[in-house]
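Taking it in order: structure first as structure tokens, then the write-up.
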Amino acid sequence: MAFTGVSEPGRGRVDLAVTVLCVLVGTLIGVLTPARRLVLTHALRSSVLAPVLLTQEAVARRTRLSARLAVLETERDSLARDLIEARQALEENARLREVLSLGPRPSDTLVAVELEPGRVPGGEDQTFLVRRGSDDGVRAPAGVFTARGLVGVLRSSTAHATRGQFWTHPDFRVSVRTATGTASGIVRAGDDPDQPMMILEGAPYQTDIPPGTVLYTSGLGGLYPPGIPVGTVRSVSAVESGWEKSYRVEPAVRPEQVDVALVWRRPAGP
Amino acid sequence: MNNATGGGLMTVLTIAALLVAHFLLRPLLVARPFAPDLLAGALMLAALHVRPGTAAVVGFGAGLLEGAMALEGMGTLAATFALVSYVAARARELFFADSALFLPAFAFVGVWALHLGELLAVGAPLDWFGWLVQSPVSAALTALLVLLVERAVTSRPSAV
């Protein structure tokens, strides 16, 4: 084989100019704001990549549907039970608020969305795309979760698409507390990419959190509703002498298990 | 249609088929770092057959699509792929190519360089195991794939 490809005179400069232009345009796109890059990402995924994504989705649905059927039936039964209990609690709550002259409870909104995970080669699922945007009532920033627990957070949105981060993303943080409220801290993704674990940081030094303790969102900051399961404490990770402890936490939800989730829209303030 | 035109069309179709296969099989391939990299293979085939400027444009387009699929590195991946494709196409012109070892060596080095550029473009911390073990295996398999495709598709070089 001989691949000589001898250049015509002058064509080398044209080739170089085209390449420089490509690199410049690429760099320019790279420094755009996340929202503007999201517009381009959404445009490509809705046009050139649409047939590919539709095929992938159809195959994934068919593969997962039979495996998930039993789980979905169990979830449906437990949801029906929870709904009956919640209805009674809501009625009691409304009566109590009336007695205390608090007025009606401000209602929050949950929007169901489908997540399209993005993944870099050799990496874990860290980001996802939602094909709904501010026109559909999905606005960043907002917490994303399922019935089993916290999934991630929406970071940037346009009118028709929103980009989010799974909890595995290095920038992800969430404020948590135990069910009794005796300990609190900040949860982030673990450092070992081969072990999808979380790390609880900033827990009080004097308070021991026993293994098996479930951590819930504290609701501080207004991104996540309070009481969403985040993970279960497994062991002490590190001890800062006399100051704080870190714990290894098993996540309630792994990104690869999620295809549909809920986006929380906090109630409007008084 | 003469042989050169037919060979050129076949090469373009092969590159397009590899790119489509890469994006269709992406969920499977990204979870297997030792697997052959079809996108890199397509870019190396393009670098072998088209002008450096055209190779850069193909790399730029593939990088944009890869960034849209990965949701990371949009733009920087396109710039990196364009640059690596251009350098690969220029290397084909500069180095002595009339050797049986040229094609596999060319594809291996090109794919390995592309993987390094990809890591840097998405801003991931350099994973030494990935770069020194997984990536060379993937590059070797990709080079083998490029060699097989090249022999199956073309019997003579063509310029697009």
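The values are calculated or read from the model by the stated rules, or taken from the named source; none is laboratory data. Quantities reported herein were computed from a predicted structural model and do not represent experimental measurements. No Cβ is skipped: glycine too gets one built from the backbone with ideal geometry, and neighbour counts run over all protein chains shown.
For segment A:12-58, residues that are more than 8 Å from chain B (Cβ to nearest Cβ), aliphatic (A, V, I, L, M) and surrounded by 14 or more Cβ atoms within 10 Å (Cβ to Cβ) total 7. Beta carbons closer than 8 Å, at least 6 apart along the sequence or on distinct chains, pair a first residue in segment A:58-75 that is of a type in the set (Asp, Glu) with a second that is modelled with pLDDT of 80 or more for A:GLU75/A:ALA147. Output the residues belonging to segment B:58-85 that are at the interface with chain A (Cβ under 7 Å from one of its Cβ atoms), at pLDDT 90 or above and closer than 16 Å to A:THR27 by Cβ. Result: B:PHE60, B:GLY63, B:LEU64, B:GLY75, B:THR76, B:ALA78, B:ALA79, B:ALA82, B:LEU83. B:ALA55 meets all of the listed conditions (1) touching a Gly at 6+ places or on another chain (Cβ under 6 Å); (2) at pLDDT 90 or above; (3) not hydroxyl-bearing (Ser, Thr, Tyr) but one, namely (1).
For segment A:81-101, does any single residue satisfy the condition of being away from chain B (no Cβ under 11 Å), farther than 30 Å from A:VAL130 by Cα, hydroxyl-bearing (Ser, Thr, Tyr) and surrounded by fewer than 10 Cβ atoms within 10 Å (Cβ to Cβ)? Within segment A:81-101 (the criterion being away from chain B (no Cβ under 11 Å), farther than 30 Å from A:VAL130 by Cα, hydroxyl-bearing (Ser, Thr, Tyr) and surrounded by fewer than 10 Cβ atoms within 10 Å (Cβ to Cβ)), the answer is yes, since at least one residue qualifies.
A count restricted to segment A:200-213 and to residues that are surrounded by fewer than 18 Cβ atoms within 10 Å (Cβ to Cβ) and aliphatic (A, V, I, L, M) stands at 0. Would you be able to say whether some residue in segment A:99-117 is of a type in the set (Lys, Arg) and either at pLDDT 85 or above or within 11 Å of the chain's Cα centre (by Cα) (or both)? Within segment A:99-117, not a single residue is of a type in the set (Lys, Arg) and either at pLDDT 85 or above or within 11 Å of the chain's Cα centre (by Cα) (or both).
Here B:LEU45, B:LEU71, B:LEU38 are screened, and the one residue that is out of contact with any Asp or Glu (no Cβ under 6 Å at 6 or more places or on another chain) and either over 30 Å from A:GLU256 (Cβ atoms) or surrounded by fewer than 19 Cβ atoms within 10 Å (Cβ to Cβ) (or both) is B:LEU45.
Of all residues being of a type outside the set (Ser, Thr, Tyr) and touching a Leu at 6+ places or on another chain (Cβ under 8 Å) in segment A:145-164, which is nearest to A:PRO226 (Cα to Cα)? Just the residue, please. If you could, list the steps in order and put the result at the bottom.
Quick first cut of segment A:145-164, residues of a type outside the set (Ser, Thr, Tyr) only: A:145, A:147-155, A:159-161, A:163-164.
Restricting the remaining residues to those that are touching a Leu at 6+ places or on another chain (Cβ under 8 Å) gives A:145, A:147, A:151, A:153, A:161, A:163-164.
Details: A:PHE145: 12, A:ALA147: 13, A:VAL151: 14, A:VAL153: 14, A:ALA161: 26, A:ARG163: 23, A:GLY164: 20 Å.
Only one residue fits best here, namely A:PHE145.
Among the residues of segment B:41-56, those identified as within 8 Å of chain A (Cβ to nearest Cβ) and small (Gly, Ala, Ser) are B:GLY53, B:ALA56.
Tell me, please, whether a residue that is touching a strand residue (DSSP E or B) at 6+ places or on another chain (Cβ under 8 Å), assigned to a loop (DSSP other than H, G, I, E, B) and surrounded by fewer than 16 Cβ atoms within 10 Å (Cβ to Cβ) can be found in segment A:160-170. Yes, segment A:160-170 has at least one match. With respect to the conditions (1) in contact (Cβ under 8 Å) with a residue 24 or more places away in the chain; (2) over 20 Å from B:LEU19 (Cβ atoms); (3) not aromatic (Phe, Trp, Tyr), A:ARG87 falls short on a single one, namely (1). For B:ALA68, the conditions (1) in contact (Cβ under 8 Å) with a residue 12 or more places away in the chain; (2) in contact with a helix residue (DSSP H, G or I) (Cβ under 7 Å, 6 or more places away or on another chain); (3) among the small types (Gly, Ala, Ser) are fulfilled apart from (1). In this structure, A:THR109 does satisfy being touching a Lys or Arg at 6+ places or on another chain (Cβ under 6 Å), within 26 Å of A:THR146 (Cα to Cα) and not aliphatic (A, V, I, L, M).
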